[in-house]
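See below for the structure under consideration.
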Amino acid sequence: MKILLFGEYSGFHYNLKLGLEKLGHQVKIASSGDGFKRLKYDISLGNSSKGVFGKFNRILKPFTKINDFKGFDVTQFVNSNPLTVFRANKWLYKEILSFSPKNFLSVCGDDPVFLDNLYRFNYHPYSALNNLDVAQIPNINKTYLDLHNTVVENVDGIIPVLLEYAIGYRNHKKKKNTIPLPLAASEHQYRDNIVKKKIHFFHGLNRPNFKGTEVIRAAMEKLADKYPNDVRITIAGSMSQKDYLTILSETNVVLDQCKSYSYAMNTLYSMAQGKIVMSGAEPEALSELNIPFDKCPIINIRPDVNQIYQELERILDQKKDIVDQGYKSRLFVEQYHNEVDIAQQYIKTWTS
């Protein structure tokens, strides 16, 4: 089949493409590189420049590429608003979704349904602990809703990737089974997670309020203050994926996020390299992916400084197990997020 993956989500579509190609399919990704992450794509949807020029480039570029979106057997949108929110995109989305005989929406990232159902969770990325940056909450205006509804109305199926994205679509007639995120582990070199003089803990800065950076930072600093001779902490962000993966290679433990029930792509990148990862891994989130709770090596953390600190201290107390735990991380990704296995699930869903 010829497949168009429209938009990107932290390398989700790139890794899905790798799996699909190994199954013999022809795949193109249309993307702007997902901002500062500078991810790979085949059809440019604009550059990642900031400011007015960058915004206008991302608004206009997709219209100039419209002929490149033709000739595919399946088109999948990564989100119901994969482009800059712009009224004319309603026409563009309908055109793109008219070109292919089969069209699907992968529910990744914020959309109105996700936001409307956050109340179902005890905590979530927009939970206000101290100071909530309201500017980070998407503006659910008429245009945003209209674009979302246009995509939902013109696709044949809706495929969530996580519990948080699935729950609001539970009773939707187009909702398909949730499919886990794919990762091509072979693209990431595994090394034994050797501790040097100090255990190196890392937290990446990306949407800090969304991921709970304030809470994670407090727990990390508390640990470093108590064990200055045993612990090294790094908190950094807004880097390309290449630079991010380089930092990971020097890290023992990654603290991804604490305000999500589920883990996502950054967790998988870290685990593929053999790192211990602390992120969302609530039992109901794993159940959504058909992953047994006792098979998941991810350390579940919540937006609670003391809970995170206790888990950090436990890692320090069990320092001798770090290599073994890192190896379990790699095996977990290979077993439950293998890009070919995940691609096969998408093919089955698209063709059923």
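Just give me the residues in the stretch 136-169 being surrounded by fewer than 20 Cβ atoms within 10 Å (Cβ to Cβ), at pLDDT 95 or above and part of a loop (DSSP other than H, G, I, E, B), in sequence order.
Asn154, Asp156
Out of the residues in the stretch 183-240 that are hydrophobic (A, V, I, L, M, F, W, C), part of a loop (DSSP other than H, G, I, E, B) and at pLDDT 95 or above, state the one that is surrounded by the most Cβ atoms within 10 Å (Cβ to Cβ).
Ala184
Can you tell which of Asp243, Asp294 is outside any loop (DSSP other than H, G, I, E, B), modelled with pLDDT under 95 and either assigned by TED's automatic domain parsing to the domain that holds Arg217 or hydroxyl-bearing (Ser, Thr, Tyr) (or both)?
Matching residue, one of Asp243, Asp294: Asp243.
Going residue by residue through the stretch 12-19, is there one that turns out to be closer than 23 Å to Pro180 by Cα, assigned by TED's automatic domain parsing to the domain that holds Gly157, in contact with a Gly (Cβ under 8 Å, 6 or more places away or on another chain) and in contact (Cβ under 8 Å) with a residue 12 or more places away in the chain?
yes
Does Asn103 count as at pLDDT below 95 and polar (S, T, N, Q)?
no
So, in the stretch 253-287, how many residues would count as being among the charged types (D, E, K, R), assigned to a helix (DSSP H, G or I) and in contact with a strand residue (DSSP E or B) (Cβ under 8 Å, 6 or more places away or on another chain)?
0
Being more than 15 Å from Tyr269 (Cβ to Cβ), surrounded by fewer than 22 Cβ atoms within 10 Å (Cβ to Cβ) and assigned by TED's automatic domain parsing to the domain that holds Ser127 is the requirement here; does Asn177 meet it?
Considered against the rule, which asks whether it is more than 15 Å from Tyr269 (Cβ to Cβ), surrounded by fewer than 22 Cβ atoms within 10 Å (Cβ to Cβ) and assigned by TED's automatic domain parsing to the domain that holds Ser127, Asn177 comes out as yes.
I'd like to know if the stretch 6-17 contains one or more residues that are part of a helix (DSSP H, G or I), crowded, with 20+ Cβ neighbours inside 10 Å and among the aliphatic types (A, V, I, L, M).
yes
Would you confirm, using the coordinates I've provided, whether Asn193 is under 30 Å from Val231 (Cβ atoms) and touching a Ser or Thr at 6+ places or on another chain (Cβ under 9 Å)?
So Asn193 passes the test.
Hey, among the residues in the stretch 242-286 that are without any contact (Cβ under 8 Å) to a residue 24 or more places away in the chain and over 17 Å from Ile308 (Cβ atoms), which one's surrounded by the fewest Cβ atoms within 10 Å (Cβ to Cβ)?
Thr246
Residue-wise test of (1) out of contact with any strand residue (DSSP E or B) (no Cβ under 6 Å at 6 or more places or on another chain); (2) loosely packed, with under 13 Cβ neighbours inside 10 Å.
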position	(1), (2)
Leu45	no, no
Gly51	yes, yes
Gly54	yes, no
Leu60	yes, no
Ile66	yes, yes
Asp73	no, no
Gln76	no, no
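Answer with yes or no whether Glu250 is at pLDDT below 95, outside any strand (DSSP E or B), more than 21 Å from the chain's Cα centre (by Cα) and more than 21 Å from His124 (Cβ to Cβ).
yes
Listed here are the residues, each with its yes/no results for (1) at pLDDT below 95; (2) outside the structural domain of Pro101 (by TED's automatic domain parsing); (3) closer than 19 Å to Arg232 by Cα.
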site: Val277; (1), (2), (3): no, yes, yes
site: Lys319; (1), (2), (3): no, yes, yes
site: Arg330; (1), (2), (3): no, yes, no
site: Ala343; (1), (2), (3): no, no, no
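Residues Thr84, Thr75: which one is of a type outside the set (Phe, Trp, Tyr) and at pLDDT below 95?
None of the other options fit; the residue is Thr84.
Quick check on the stretch 100-115: of everything there that is in contact with a helix residue (DSSP H, G or I) (Cβ under 6 Å, 6 or more places away or on another chain) and assigned to a helix (DSSP H, G or I), which residue is nearest to Tyr165 (Cα to Cα)?
My answer is Phe114.
The values are calculated or read from the model by the stated rules, or taken from the named source; none is laboratory data. Bear in mind the structure is a predicted one, so any value in this text is a computation, not a measurement. Virtual Cβ from ideal backbone geometry, glycine too; neighbours counted across all protein chains shown.
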